[in-house]
Amino acid sequence: MKLYPAYFQNLSTSERNAFRLHFTYSILEGFVAGIFALNEYVFVKSLKGSNMQLGLLFQFSVVVYVLLILFNEILKRIQNKKKLLRITAIITRLPLIILFFFPSSVQEVANSTWHYLFLAIFFVYFLASPVIFPTINLFLKNVYKHEHFGKLYSYATTWNKVVMLIVTFLYGMWLDSDMMAFRYVFVFVALAGIGSVFILSKIEYNIREIQCESLPIFKSIRSSITRMMRILKENRPYLHFEGGFMLYGFAFMISVTVITLYFDKALHLNYTSVAFYKNAYNIISILMIPFFGRLIGRIDPRHFAAITYSAIMLFILSLAMIEFFPINYNIWGLKLYIMMIPYVLFHSVFAATMALLWSIGSAYFCKSSDAGDYQSVHLSLTGMRALFAPTSGVIIYEWFGFFTTFIFAVIALAFAVLLMLWSYKKHGKIYKPNMK
């Protein structure tokens, strides 16, 4: 098939079947991601949500990973993971249809009742992440050979981004003509989200589950925490890798909500302009993903992480510099800032590399049988930093302003880069076992 890579015919039958399902899942999730790309801006611009509520909206998307401290143990015990995925999809994604019944005017929807209902709907949606993301890694690592894993994952991610950028641009134009258009869109998002997970659940999964007795809830949590702590204690390069992610995650989380506010309150961008900038860096990142998909399997993941952290450090610094170089032009309804050019370029490198590093980076530190545990550690730590970082960013902004918030993030990222380089110098290359 023309949409598939040239080496598709060289895959085994099980890999080929899994990739078809993985590819279709990625296309549907690309549509969902395209809508979600403007979700926080919709909350600020159309619903007139407060700064702190905006921080909570982003916080919900990542804080749910704390639940993996519990879910990691439970997921290992559930043998019918296909059924688990389908039930999770229905429970968490069907409530998005409620958004269709929101008021049709900005004046009516701009009150705390609708704001908190909006937040509740998306909190339920994000509860799917601690179940779906570790299971994706588990399913794919079970089928894909190690030498194909990065290539196939990056190819599916590339097409995911192609769909996402098209949807984001069209959605942004629609929102500029109708600020309440989100009411209709999320009906289709709910259906696409459920459908994508049902398709993913068809991937062949034959690993025999470990039979174990059910434990009381607190013992289950303790067992999960013990396993995660053992992984970090025994695998020092992975501990440093996650330490770098903690610094990066803090920087990203304190800045991401503030960047949304920056676009609205400081740069005064319309939906089309925001969509344009998001699409600009995503288009370039799409061209880069196949290259980085090959690179992540050839260099140490800590060196790969250093590239990622340097890129986000530079794009945040570019935004901060707009305060000193605010030159901009209005072209065809787009507000184009000169300093947004390096922002787009560095953001494209970040988007291309982080799409791979965040999803599969931890898998390079372990055997395929341990991929679920390692990704659970990774996602749990993501949730732990989300407990305080997003709202901290809003507080720093309200106390000190945009520029200071961005500089805080830049400093944290500089330390993350240095930690990755130091770890490699101290411990050398990681051991890469035969994943099969």
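None of the figures in this text is laboratory data; all of them are computed from the coordinates on show. Keep in mind the model is a prediction, meaning the values are calculated, not measured. Glycine also receives a Cβ, built like all others from the backbone with ideal geometry; neighbour counts cover every protein chain displayed.
Observations, loosely collected:
- Shape category assigned to the range 255-355 from the gyration tensor of Cα positions, a/c cut at 1.5: prolate
- Alpha carbon centroid spacing (whole Å) that separates the range 162-204 from the range 112-147: 15
- If the convex hull is drawn through the Cα atoms of the range 17-116, its volume per residue in Å³: 132
- For the range 78-101 and the range 233-284, distance of Cα centres in Å: 27
- Three principal axis lengths of the range 228-293 [C-alpha, angstrom, descending]: 50, 31, 14
- Remark: spin-label model distance I284-E323 equals 2.3 nm, labels positioned 7 Å along the Cα→Cβ axis.
- Between the listed residues T113, F252, W399, the Cα displaced farthest toward the positive end of the dipole of the chain, a dipole computed from Cβ unit charges relative to the Cα centre, is found at F252.
- Gain in span if fully extended, F188 to I78, counting 0.36 nm per residue against the direct Cα distance: 36.6 nm
- A Förster radius of 41 Å combined with the Cβ-Cβ distance from M179 to R230 puts the calculated FRET efficiency at roughly 0.20.
- Long-range tail of P(r) for the range 267-316 (Cα pairs > 14 Å, %): 66
- Compared with the direct C-alpha span, the chain from I341 to F291 gains 15.8 nm at full extension, assuming 0.36 nm per residue.
- Here the gap between W399 and F100, fully extended at 0.36 nm per residue and compared with their Cα-Cα distance, gives a gain of 104.0 nm.
- Residues of the range 275-306 with amide N under 12 Å of a point placed 7 Å along Cα→Cβ from W332: 276
- Compactness of the chain - radius of gyration and Dmax, Cα, Å: 21.2, 65
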